[in-house]
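The values are calculated or read from the model by the stated rules, or taken from the named source; none is laboratory data. What you see is a predicted model; the values in this text were computed from it and never measured. All Cβ positions, even for glycine, are placed from backbone atoms using ideal geometry, and neighbour counts span all protein chains on display.
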C-alpha cells in the first residue's frame, strides 16, 4: 500500500491529474518512482491533460 501511495504522490508532484496518475501507476507498476520525463511519455502515448 505504501509504495502505491508514494507513486501517486510522485505523480501529483510531477503535475499529473488523478486519471493520468492511475495510468502511470499501471504502466510503471514495478518502479518506486516515475521517470522524470513522465509528461513527455504521457503525450507520446496520446493522453492529454483534462
Contact list, first residue from region 15-41 and at positive phi, second anywhere and surrounded by 13 or more Cβ atoms within 10 Å (Cβ to Cβ) and at pLDDT 70 or above, beta-carbon distance below 6 Å, six or more apart or interchain, is none
Only residues that are surrounded by fewer than 11 Cβ atoms within 10 Å (Cβ to Cβ) and part of a loop (DSSP other than H, G, I, E, B): list them for region 1-27, please.
-> 1
